[in-house]
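Novice: Right, I'll just put the structure down here and ask away after.
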Amino acid sequence: MKLPEPSAKNILSALASKSLLAESAAKELVESLENQKDVNWNLVLTKQFESEQGGHDETGA
Amino acid sequence: MKLELEAFRGVSRSFSIKFDTKQNLTVLYGENGSGKTTISDAFEFVIDGTAGSLEEKSLDGKAKLGQLVNARRTKADLSVSLTVRNKSRSATLSGAKVQHAGELDYQLKVLSRKNITRLVEEKPAERFRRIQDFVSIPVLDREEAALNELVLSEKRNLEAQSKLITQARDILADLFSEHADKAKYGDHQGQWQKDILSDSAETIAENFRILQDLNQEITRLRDDFKPLAESYPAIKKARGAVDREVASLTKLIADSSGNLAKAFETLQQAQGFLKVSDADTCPVCDTEIGHDSLVQKVDQKLETLKAVTDQSQKTKSAQEALQNALTAQKTLQESFFAIISRLNTVHQAAVDSKQWTLPALVPSIVSIASADELSEEWFNELKAEAPQLKPLSETVEKEHAAIQIRKNLQTEIRQAIKRIKDATDDAKRIEFIIKRGESIKSVLHDERIRHANETLEAISGDFAKLYSTIHEGEKIESIKLYLHPTKKASAQFDGSLFGKEDASPVAYLSESHLDTLGLCLFLALEKREHPEKTILFLDDAIASVDEAHMERLYQLLLDEASHFHHVIISSHYQPLRFKFRWGILTQKKVEFLELGRWTLDRGLALQKGPNSEVKFLRHYLEQGEHASAIANTAGLILEHIFDFLTGIYQCRLPRNPGAEQRWTLDHYKGGLKGEKHLLSSLRCEHLNEEGNMIKSVDLEPLVEAVFTRLQVRNAIGCHFKDLAGYFDEIGEASALGNATLALVEALCDENDTLPDRRKDGCSWHNRGETVTRRLYPLLKPE
């Protein structure tokens, strides 16, 4: 079963409301989930860490 | 939809069965052992390539697919094909594998009673496993697991970083404890570290180099001291040797006369001549000489002259040795002077750096200006002053060691501090990944659970609705299926039953209730995933349902069947057969198929209606030769007719039909006669094509005519041949046959088909567009 439509929306919304991932990273993540691609969580979280440490979003958001 | 079987399980001869998919539901009735499960297995074999019901049986280790082959046939004979809407798929066995050909657009779901029971009764985790395809989002499951793995791995990593920090801190504490001046620093390890690290690496390196140079020159001075010391007496000794050898040579020369060299040469020539000549006369002056004494004298002279030569050589050697000793000393002196010069320079540099309080160098070292000044006297002066160099040497060594320690300390402290910083930075990143990873995991988890519970809620709502349709008014307030909030992959069944909250249906409901519950759950689940592409096969799935609930259950199944491409229900339940066979329950969108008795020779077969036998009866009656065939065929037709009549009027028949699970003609007779007003009210109207009644036939006399001759069938047609020959067999058989035909002609239409429809709501009538037979009454008269 693919990612149901409300799930993508719900995940994006939860990630944004809890400020867990930058918007662009969250979109990228949901896109991976929708396309059944493996997520490199280490990379996603390390980028997010660096982004928060550096005070800017390296992904361009 | 057509299923064709060859050499599959109980199918010894080719068998095919057509399902009318214009109807939503097919009821496939068959007594135990008639082949219902064989048909369900064939569906599974041809669509999924499995051994169907054999899959969950042990078979004592034998290959399951191989066991699908009919006992009298070979593996190569086996084939199953299914045709649905002009598309076919077939399956054969090749070795131990299934070979498929063709694809269908439909999936098959088979539900047996065993699976229903499991769905309800098994543990929540197992139950979840069965329903997870319907409720889970695999990509979220997978990513949640991946994230969880990362978080666990990072937690281990964090622990390792924490250990590294502790180890580095221990190292710093140990260094402080071992090297710090406690009087100065007390417990202030930080200040000590700060002070240690305050010297720049360049300063330490420079100081270290100065002291290392100084130390090196002192060492070299010490090393070269002895060779130089030894050179002075060696020179003295060589001079003495030269003097002695010269004196000896002088003396030898004085003892010799004349030109020594010339004499020596002459004597040597004389000695040569005398060796080859034995004359006693001198070859020059002819003086008489004694040869032997001359030889002796020449030898003596030569011996004397050789000693001079040898001494001369010794003298020369002694002079060379002296020269060599002088040269070596010169080299040593130059080298020693270079050391002294370097020592002076390095010492001055050390003094100038003001890093240390260094003892001064001795005067003999400071005052020397060139290598030529390194005389024995100077050396003796240095030798006398040498002890004064010891404090300098000790100071340099001590300071050198101290600076080496400081250098090492700095390195170790810097490394430890760097390790702490790196590990702390890493720990910060890891803590972020753990915390954020867990938060994101929680988002995925919540979404997964939300989706699953939403799905389950929808399913629960659906199956609870289905269930309450069957068990209306039984105080089963609610039954729900939901995911356990904390246990992963655990599907819980709870409900409000009989006024009790959180009751487990398994504990409170009867077996038949659990069966219907499981069936409702199964239907609710299967409706989620493309039901229009699904063929459902309920294989004896509702055997335990009592008659009281059956009508509602089948009404429910009929309603639900419209969601699916087709639903097939197989059953061996006699009341069900009656209700569907004769349209008591419903005839709307239902096809009824009945399997005949299975035999080893014939294999599976469909039960045929009376029309298939009537033409034979007519034929046998025309021949008038075979009493047994007439009686037997009449018996089969009567079984169908009486089965029909007792079925539609719900006559009471024995609960236990007997060993063969089939009612006999006597049972049917008892059933029909047991209804007080039934036989007398049976009437069949014959209508023309315009729908006008041609005649009305009372059936009672015709039925009674048959009843009076039933024993003939027993006597001639089948079981009791003891009476054979005691009466007019062909006459009696023909009478039975004619009575049977009369009943058939009164009751059945032109195709000898029974009036088993009741669409008009007032009578039982024949199938087809034109109604030519109407049987009354519609209901059994009370």
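The numbers here are math on the coordinates, done by the rules we state, and not lab data. The structure presented is a predicted model; accordingly, all values stated were derived computationally and were not measured. Note that we place each Cβ from the backbone using ideal geometry, even for glycine, and neighbour counts take in every protein chain shown.
Novice: Using the Karplus curve 6.51 cos²θ - 1.76 cosθ + 1.60 with θ = phi - 60°, work out ³J(HN,Hα) for each residue of the range B:79-86 in order, rounded to whole Hz, and write x for Gly and Pro.
Specialist: 7, 9, 9, 10, 10, 10, 6, 6
Novice: On average over all directions, what projected area in square nanometres does the range B:212-366 have, based on the convex hull of its Cα atoms? Walk me through the numbers on the way to the answer.
Specialist: Working: hull surface 56.0 nm².
Averaged projected area of the range B:212-366's Cα convex hull equals 14.0 nm².
Novice: Could you list B:Trp764, A:Trp41 in order of exposure, starting from the residue whose Cβ has the fewest other Cβ atoms within 10 Å?
Specialist: Values: B:Trp764 25, A:Trp41 22.
Ordered from fewest to most neighbouring Cβ atoms within 10 Å, B:Trp764, A:Trp41 come out as A:Trp41, B:Trp764.
Novice: Net charge near B:Ser353: determine it from the other residues with C-beta under 12 Å of the C-beta of B:Ser353, scoring Lys and Arg +1 and Asp and Glu -1.
Specialist: Values: positive: B:Arg209, B:Lys354; negative: B:Glu206, B:Asp213, B:Asp352, B:Glu399.
For residues surrounding B:Ser353, the net value is -2.
Novice: If packing is taken as the average number of other Cβ atoms within 10 Å across a peptide's residues, how do B:633-645, B:126-138 rank, most packed first? Display every interim value, and only then the final one.
Specialist: On the way: B:633-645: 23.9, B:126-138: 17.5.
Answer by packing, highest mean first, reads B:633-645, B:126-138.
Novice: Amide H neighbours of B:Leu28 under 5 Å, at least 5 residues apart or on other chains, H built in the peptide plane: list them.
Specialist: Excluding prolines and chain starts, which carry no amide H, the hits are B:Ile569, B:Ser570, B:Ser571, B:Leu593.
Novice: Rank by packing, highest mean first: peptides B:367-377, B:568-578, with packing defined as the count of other Cβ atoms within 10 Å averaged across residues. Mind showing how you got there, number by number?
Specialist: Numbers: B:367-377: 13.5, B:568-578: 21.0.
Sorting B:367-377, B:568-578 by mean packing, highest first, produces B:568-578, B:367-377.
Novice: Let me ask another. For each pair in B:Lys87/B:Lys527; B:Lys194/B:Lys354; B:Lys22/B:Lys695; B:Lys465/B:Lys589; B:Lys114/B:Lys500, compute the distance between the two Cα atoms and list the pairs where it is over 26 Å. Mind showing how you got there, number by number?
Specialist: Working: B:Lys87/B:Lys527 24 Å; B:Lys194/B:Lys354 23 Å; B:Lys22/B:Lys695 35 Å; B:Lys465/B:Lys589 22 Å; B:Lys114/B:Lys500 28 Å.
Listed pairs above 26 Å: B:Lys22/B:Lys695; B:Lys114/B:Lys500.
Novice: Continuing with this model, one more query. Please arrange B:Thr411, B:Thr287, B:Thr315 by how many other C-beta atoms lie within 10 Å of their C-beta, fewest to most.
Specialist: Details: B:Thr411 11, B:Thr287 8, B:Thr315 20.
Ordered from fewest to most neighbouring Cβ atoms within 10 Å, B:Thr411, B:Thr287, B:Thr315 come out as B:Thr287, B:Thr411, B:Thr315.
Novice: So for B:Cys748, B:Cys651, B:Cys762, fewest C-beta neighbours within 10 Å to most, what's the order? Could the numbers behind the result be given before it?
Specialist: Numbers: B:Cys748 25, B:Cys651 20, B:Cys762 12.
The order, fewest Cβ neighbours first, is B:Cys762, B:Cys651, B:Cys748.
Novice: In Å, the Kirkwood hydrodynamic radius of the protein assembly as shown over pairs of distinct alpha carbons? Walk me through the numbers on the way to the answer.
Specialist: Numbers: mean 1/r = 0.0247 Å⁻¹.
About 40.4 Å, per the Kirkwood formula over Cα pairs.
Novice: Something else now. Apply the Karplus curve 6.51 cos²θ - 1.76 cosθ + 1.60, θ = phi - 60°, to the phi angles in the range B:375-391 and return the couplings in whole Hz, x for Gly and Pro.
Specialist: Per-residue couplings from phi come out as 7, 5, 5, 4, 5, 5, 5, 4, 4, 5, 8, 3, x, 5, 7, 4, x Hz.
Novice: Using DSSP to define loop residues, name the trypsin sites (Lys or Arg not before Pro) in the range B:447-538 whose beta-carbon has at most 15 other beta-carbon atoms within 10 Å.
Specialist: Values: sites: B:Arg448, B:Arg450, B:Lys465, B:Lys475, B:Lys480, B:Lys487, B:Lys488, B:Lys500, B:Lys527, B:Arg528, B:Lys533; in loops: B:Lys475, B:Lys487, B:Lys488, B:Lys527, B:Arg528.
For trypsin sites (Lys or Arg not before Pro) across the range B:447-538 that sit outside H, G, I, E and B with at most 15 neighbouring Cβ atoms in 10 Å, the list reads B:Lys475, B:Lys487, B:Lys488, B:Arg528.
Novice: Can you tell me, using C-alpha contacts under 8 Å and at least 6 residues apart, the relative contact order of chain B as a whole percent? Working shown, then result.
Specialist: Values: 1065 pairs, mean separation 136.6, N = 782.
Result for chain B is 17 percent.
Novice: Shifting gears a bit: Over all residues in B:438-445, what is the mean tally of Cβ atoms on other chains that come within 10 Å of each residue's Cβ? Mind dumping the intermediate values first?
Specialist: On the way: counts 0, 6, 13, 1, 3, 11, 7, 0.
Taking the mean over all residues of the peptide, I get 5.
Novice: Here's a follow-up. Do me a favour and compute the ellipsoid semi-axes for the range B:611-776 from its Cα gyration tensor, root of five times each eigenvalue, largest one first, whole Å.
Specialist: Values: eigenvalues 153, 77, 34 Å².
One finds semi-axes of 28, 20, 13 Å for the range B:611-776.
Novice: In the structure displayed, which of A:Lys47/B:Lys428; B:Lys275/B:Lys297; A:Lys37/B:Lys109; B:Lys163/B:Lys428 lie more than 25 Å apart, Cα to Cα?
Specialist: Values: A:Lys47/B:Lys428 14 Å; B:Lys275/B:Lys297 13 Å; A:Lys37/B:Lys109 30 Å; B:Lys163/B:Lys428 14 Å.
Where the Cα-Cα span goes over 25 Å, the pairs concerned are A:Lys37/B:Lys109.
Novice: Across all directions of projection, what mean area in square nanometres is found for the Cα convex hull of the range B:319-469? Intermediate results must be reported in sequence, preceding the final value.
Specialist: Values: hull surface 82.9 nm².
Mean orientational projected area (the range B:319-469, Cα hull): 20.7 nm².
Novice: Within a 10 angstrom radius of each residue's Cβ in A:16-24, how many Cβ atoms of other chains show up on average? Whole number is fine. Could the numbers behind the result be given before it?
Specialist: Working: counts 0, 1, 5, 2, 7, 4, 0, 0, 0.
Counting other chains' Cβ atoms within 10 Å and averaging over A:16-24 gives 2.
Novice: A follow-up question, please. Go through the range B:167-173 residue by residue and turn each phi into a ³J(HN,Hα) via Karplus (6.51, -1.76, 1.60, θ = phi - 60°); whole Hz please, and just put x for glycine and proline.
Specialist: Karplus-based 3J(HN,Hα) across the range B:167-173 equals 4, 5, 5, 4, 4, 4, 5 Hz.
Novice: What are the radius of gyration and Dmax of chain B, computed over its Cα atoms and given in Å?
Specialist: 63.5, 203
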